[in-house]
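The values are calculated or read from the model by the stated rules, or taken from the named source; none is laboratory data. Nothing here was measured: the structure is a model prediction, and the numbers come from that model. Note that we place each Cβ from the backbone using ideal geometry, even for glycine, and neighbour counts take in every protein chain shown. Protein only, heavy atoms only, side chains kept; ligands, DNA and RNA dropped before computing areas. Shrake-Rupley method; radii C 1.70, N 1.55, O 1.52, S 1.80 Å.
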Amino acid sequence: MKRILIIEDDEILRGELARLLQNAGYDAVQMKDFQDAAAQMTAARADLILLDITLPGLNGETLLQEFRRSSDTPVIMLTSRTGELDEMLSMSYGADDYITKPYHPTILLLRISAVLKRAAKAVSAVQMYHDAEVSTVRGSVTRGQQEQILTKNEMIIFQQLLERRGEIVTRDDLMTALWDNEEYVNDNALSVNISRLRSKLAELGLPDAIETRKKQGYVLK
Amino acid sequence: MKLSAYLKDRLAAFLIAAGTWVLVLIFLFAFRLPGQAAVIVSTAALCGGICTVCWDFLRKKGFYDSLMSCAEQLDQKYLLAEMTEEPDFYEGRLLCEVLKDAGKSMCEQIAVHRRENEAFREYIEMWVHEVKLPVSGLELMCHNDGLTGYEEQIKRVDAEIETVLYYVRSGTAEKDYIIRPVSLKRIFSETALKHRAALQARNIALRTEGLDCEVMTDGKWLGFILGQLTDNSMKYGAAEITVSAEQLPEKTVLHFRDNGIGIPADDLPKVFQKSFTGQNGHRHAKSTGMGLYIVKKLCEKLGHGISVRSAEGAYTEFCISFGRDELHSVRPGAV
């Protein structure tokens, strides 16, 4: 389980962020006292840090600079400052992403998983699903001698499901991932893409791989 | 300064002089002095009088003419006192002194208002940052508790807050933006993602063409501008929005087109005016007339051109042009 440290001084926001992350299957750790924040950041041994820019008595950017001297743990800045300059500064101090409040929860989760993947260099071209190889480079799923080519949309959907295998992935999550990749599909197109993906998997001898949970979403078994 | 007007202004003085002269003549005759004496005295007085008037007229004309032409040429007329040379006659010096005082007090007044305006702007910026915390909290709570119905309302609140922020930013002289190469594709995708739920609820299709390019702009500001245009398309019955970029030799033009109800031809030239709501605004009663006004002001500040075309019942198309001259040259590889 990936551990995420939340550094945010607004108590309610911090609590809700922790709930969001826990629901999404992360281990959320909260920093409540900002004394010696840099040392706490290192001590937390987190896989990723969510850092607010404005903290009581200190500046998130300075904190980030200090932290960066000793660690390259990915950091996502969370901020209500909506200036291009703030973003440029944060990125130049070594932030991995910069998200402005109010963030849409599914977009935030998407960014978190993208940054974690980048950090783990897990963007390895090949992932396994049962005994099938999923290749993002070739855009295909191969099982034995058989290869099925997936369209870009199908691949995005399959990757989302695969990443959270066994969990419910909502249509909203899938839509967010598609739109984030400049694929502005509508509700119908999503259904069509999922049924195509299903039949392609079935042709590889993996029928019923994607289960529909009524009014909730999909689960990849 | 006109001689005739000047003489007319001195009419009373001339009448007094003439009266005095008549009195002098009466005295001269009363003392039985010869007629020649009267002629000599009269000539001397007349010459003296004419010389005095000419001298006075010329030196005043010099001063007032330069004052008038200066006032005409000046952009900011309140700087007049600073630009005027002090004359060598008393009234002129008085006038200059008063002008300087007035100018100084004017500058002080402006400075007070500028400071107040600046403080107000800072307060609004701070307030916007503060109010985003509870809005974020609400959004997370709704998501965590599975309250799906509230999200759109929260987004509306957020959109209104953004409008305030950019209204303040568009109005101040301060340069709080950064021009750098920005990917049109990225900015539009962020805007689309932000509006996804609302767009899908209205079943609006998005099409993009040729956005794989960079333009020189402030990404955040452009994101707000595209968000405003998207909001408008949603308000006014679009079923499809097409966003495309066109490369011209000296500029890149972004076309933002929808197939909504369009804008009546009479209203078209006025859509960027402050508080203009037009027939569409009245019919739909959702318009404040601020959105496009702010958009226009932001474009002006960033140095982008913006124009609109429309046919009622058919389409509305906004074109934003981004310069590509030496100063705006796009560096490869930068985002």
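Checking every residue in segment B:54-70 against the condition of being under 40 Å from the mean Cα position of the chain (by Cα) and not in a helix (DSSP H, G or I) gives zero matches.
Is it the case, given these coordinates, that B:Asp65 is touching a residue at least 40 places away in the same chain (Cβ under 8 Å) and either open to solvent by 50 Å² or more (accessible area, probe 1.4 Å) or over 23 Å from B:Gly19 (Cβ atoms) (or both)? In short, yes. Scanning segment B:234-244 for residues that are surrounded by fewer than 19 Cβ atoms within 10 Å (Cβ to Cβ) and outside any strand (DSSP E or B) yields B:Met234, B:Lys235, B:Gly237, B:Ala239.
Among the residues of segment B:223-233, is there at least one that is within 29 Å of the chain's Cα centre (by Cα), over 19 Å from B:Arg196 (Cβ atoms), at pLDDT below 95 and open to solvent by less than 40 Å² (accessible area, probe 1.4 Å)?
Looking only at segment B:223-233, we keep the residues that are within 29 Å of the chain's Cα centre (by Cα), and these are B:223-233.
Among the residues that remain, those that are also over 19 Å from B:Arg196 (Cβ atoms) are: none.
Checked against the condition, which is being within 29 Å of the chain's Cα centre (by Cα), over 19 Å from B:Arg196 (Cβ atoms), at pLDDT below 95 and open to solvent by less than 40 Å² (accessible area, probe 1.4 Å), segment B:223-233 yields no hits at all.
Among A:Ile53, A:Ile107, which is of a type in the set (A, V, I, L, M, F, W, C) and either more than 27 Å from B:Lys194 (Cα to Cα) or surrounded by 20 or more Cβ atoms within 10 Å (Cβ to Cβ) (or both)? Outline the logic, then answer.
On the way: A:Ile107 fails: either more than 27 Å from B:Lys194 (Cα to Cα) or surrounded by 20 or more Cβ atoms within 10 Å (Cβ to Cβ) (or both).
So the residue among A:Ile53, A:Ile107 that is of a type in the set (A, V, I, L, M, F, W, C) and either more than 27 Å from B:Lys194 (Cα to Cα) or surrounded by 20 or more Cβ atoms within 10 Å (Cβ to Cβ) (or both) is A:Ile53.
Taking (1) open to solvent by 40 Å² or more (accessible area, probe 1.4 Å); (2) modelled with pLDDT of 95 or more in turn, B:Arg283 satisfies each apart from (2). Go through the residues of segment B:245-259 one by one and say whether even a single one is touching a Gly at 6+ places or on another chain (Cβ under 9 Å), part of a loop (DSSP other than H, G, I, E, B) and open to solvent by 50 Å² or more (accessible area, probe 1.4 Å). Yes.
Just one of the listed residues (A:Lys214, A:Lys117, A:Lys152, A:Lys200) is among the charged types (D, E, K, R), surrounded by fewer than 18 Cβ atoms within 10 Å (Cβ to Cβ) and over 19 Å from the mean Cα position of the chain (by Cα), namely A:Lys214.
Selection over segment B:139-158 of residues that are more than 7 Å from chain A (Cβ to nearest Cβ), within 38 Å of the chain's Cα centre (by Cα) and either within 15 Å of A:Lys101 (Cα to Cα) or free of Cβ contacts under 8 Å to residues at least 40 places away in the same chain (or both) gives a count of 6. Is there a residue in segment B:203-218 that is more than 8 Å from every other protein chain (Cβ to nearest Cβ), within 33 Å of the chain's Cα centre (by Cα), open to solvent by less than 60 Å² (accessible area, probe 1.4 Å) and closer than 20 Å to A:Tyr103 by Cα? Scanning segment B:203-218, I find no residue that is more than 8 Å from every other protein chain (Cβ to nearest Cβ), within 33 Å of the chain's Cα centre (by Cα), open to solvent by less than 60 Å² (accessible area, probe 1.4 Å) and closer than 20 Å to A:Tyr103 by Cα, so the answer is no.
Do we find that A:Gly15 is within 14 Å of another protein chain (Cβ to nearest Cβ) and either over 20 Å from the mean Cα position of the chain (by Cα) or at positive phi (or both) in this structure? Taking the combined requirement at face value, the residue does not satisfy it.
The set of residues from segment A:62-85 being more than 9 Å from chain B (Cβ to nearest Cβ) and within 23 Å of the chain's Cα centre (by Cα) comprises A:Leu64, A:Phe67, A:Arg68, A:Ser71, A:Asp72, A:Thr73, A:Pro74, A:Val75, A:Ile76, A:Met77.
For A:Glu163, state whether it is open to solvent by 60 Å² or more (accessible area, probe 1.4 Å), under 18 Å from the mean Cα position of the chain (by Cα), among the acidic types (Asp, Glu) and within 22 Å of A:Ile107 (Cα to Cα). Lay out the reasoning, then the answer.
Numbers: open to solvent by 60 Å² or more (accessible area, probe 1.4 Å): yes; under 18 Å from the mean Cα position of the chain (by Cα): yes; among the acidic types (Asp, Glu): yes; within 22 Å of A:Ile107 (Cα to Cα): yes.
Against the criterion (open to solvent by 60 Å² or more (accessible area, probe 1.4 Å), under 18 Å from the mean Cα position of the chain (by Cα), among the acidic types (Asp, Glu) and within 22 Å of A:Ile107 (Cα to Cα)), A:Glu163 qualifies.
Working carefully through the options B:Ala81, B:Ala37, find the one that is farther than 27 Å from B:Asp9 by Cα and touching a Leu at 6+ places or on another chain (Cβ under 7 Å). Give the steps one after another, and end with the answer.
Numbers: B:Ala81 fails: farther than 27 Å from B:Asp9 by Cα.
The unique qualifying residue is B:Ala37.
Of all residues in segment A:91-110, those that are part of a helix (DSSP H, G or I), in contact (Cβ under 8 Å) with a residue 24 or more places away in the chain and in contact with a strand residue (DSSP E or B) (Cβ under 7 Å, 6 or more places away or on another chain) total 1. For A:Tyr129, the requirement of being among the aromatic types (Phe, Trp, Tyr), within 20 Å of the chain's Cα centre (by Cα) and within 14 Å of chain B (Cβ to nearest Cβ) is not met. Applying the condition of being in a loop (DSSP other than H, G, I, E, B) and touching a residue at least 40 places away in the same chain (Cβ under 8 Å) to segment B:159-174 and asking which residue is farthest from the other protein chains (Cβ to nearest Cβ) yields B:Thr172.
Looking only at segment B:3-46, residues that are within 57 Å of the chain's Cα centre (by Cα) and either surrounded by fewer than 10 Cβ atoms within 10 Å (Cβ to Cβ) or in a helix (DSSP H, G or I) (or both) come to 15 in all. The set of residues from segment A:29-71 being of a type in the set (A, V, I, L, M, F, W, C) and not in a helix (DSSP H, G or I) comprises A:Val29, A:Met31, A:Phe34, A:Ala44, A:Ala46, A:Leu48, A:Ile49, A:Leu50, A:Leu51, A:Ile53, A:Leu55, A:Leu58.
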